[in-house]
Amino acid sequence: MALLCGFRRLPCLQRSVVQVTAPWLSARAAAPLSVSRPALSSQLAEDHVKHWNAERLLTVGLLGVLPVAFTFPSPALDYAVALSVAVHSHWGMEAIFADYARPKRVGVFLSKAAIGANYFMSAFLLGALFYFNYTDVGVVEAVKMLWRA
Amino acid sequence: MALCLRLASRSVAANCSSRILQKSLLTTSSRSWAIQQYSAEEWERKNEKMGRPLSPHLTIYKFQLTSMLSITHRATGMGLHFGLLCFAGVMVLLPNSYPYYLTLLAGSGGGKALLVASKFIISWPFFFHTFNGIRHLVWDMGKGFSIKTLYKSGYAVVGLSILAALVAAVV
């Protein structure tokens, strides 16, 4: 009867109930039941830190290289912009495919095929941007020309 | 809550005068402690086999600035990626150079309007993604997570991106 008038003390009460009446249960309750797992078997929790850091470093690099490339145009900076954009968008799309094209949802083959297709598209993007830089005016100049037209 | 009721019933049972009520209260409490643990796969397979429906999520959750800006960040990133992919792919396939096609499109009928429109359509996703990206980097440093700051920075990103795109479109 004393329990019903102490609702704010409920959480600590539940803890002591479990520990007093069923101590074997409190140990199990401490370990959470996991219903999720990494999208790819290669993406283990400890590996992702380096990738995460690389993503942020590249993002900051991209933020820096864009204004510099527009202020001091040069072929080297054109290629740097193309490389940074291609890798940044590759990692972004990889996250999208890993989030939505999950094995449970689309099957193991399609989930792996999506990641493979992403690698193909990013490689194509990098090659096409480099081709544009080499044979044509270059990415920075192209944007400037669109604005001058 | 259920645990408390069981404990209450146990303490009540200890002081209970009625023998029948005491017995039923004690046996119910001791029986209900059994908990079965499934692995993730067993749990999912069991639910599939039983044909249990999934609770509604996207269809019922309220649209909020936080979630809307998050998905827009993803969508603009995807849009910029595929836009660039199409542009670069087309430039690989087409025979002439970029200046040739630019003068062709700019000089065509309605060229001025086409230019302003294309400048806005290219600028807004770029500016939104860039400004919201900076907002993300600030979060990665561990700052700006209070609800007030989230909404302030969110509205700032939307406003600044529209402003920047409008300026870029008419310049």
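FYI, it's all coordinate maths here, none of it is from the lab. The shown structure was predicted, so the numbers you read here are calculated from the model rather than taken from an experiment. All Cβ positions, glycine included, derive from the backbone under ideal geometry; neighbour counts span all protein chains shown.
What to note about this one:
- Evaluated at q = 0.10, 0.25 Å⁻¹: base-10 log I(q)/I(0), Debye formula over Cα of the range A:57-148: -0.34, -1.18
- Straight-distance crosslink candidates among lysines, where the alpha carbon sits under 22 Å from B:Lys46 and sequence neighbours closer than 8 are dropped: A:Lys104
- Here A:Lys112 is the anchor, and the aspartates and glutamates within straight C-alpha reach of less than 12 Å, apart from those fewer than 8 places off in the same chain, are A:Glu94.
- Inter-site label distance for B:Ser55 and B:Ala75 at 7 Å from Cα along Cβ, in nm: 2.6
- Cα Rg over Rh - the range B:24-171, Kirkwood: 1.26
- Using only side-chain charges placed at the Cβ, +1 for Lys and Arg and -1 for Asp and Glu, the dipole size of the range A:57-148 relative to its Cα centre rounds to 380 debye.
- Using θ = phi - 60° and Karplus 6.51 cos²θ - 1.76 cosθ + 1.60, couplings along the range B:111-123 (whole Hz; Gly, Pro as x): x, 5, 5, 4, 5, 4, 4, 5, 5, 5, 5, 7, 5
- Here's the list of lysines a cross-link from B:Lys112 could span, going by alpha-carbon distance under 22 Å and ignoring same-chain residues fewer than 8 apart: A:Lys144.
- Low-density loop positions, chymotrypsin sites (Phe, Trp or Tyr not before Pro), the range B:98-171 - DSSP coil, at most 11 other Cβ in 10 Å: B:Phe145
- Rounded to the nearest angstrom and listed largest first, the equivalent-ellipsoid semi-axes of the range B:126-171 from its Cα gyration tensor are 23, 11, 5.
- Cross-link table A:Lys50/B:Lys152; B:Lys119/B:Lys148; B:Lys62/B:Lys148, entries beyond 29 Å C-alpha to C-alpha: A:Lys50/B:Lys152; B:Lys119/B:Lys148
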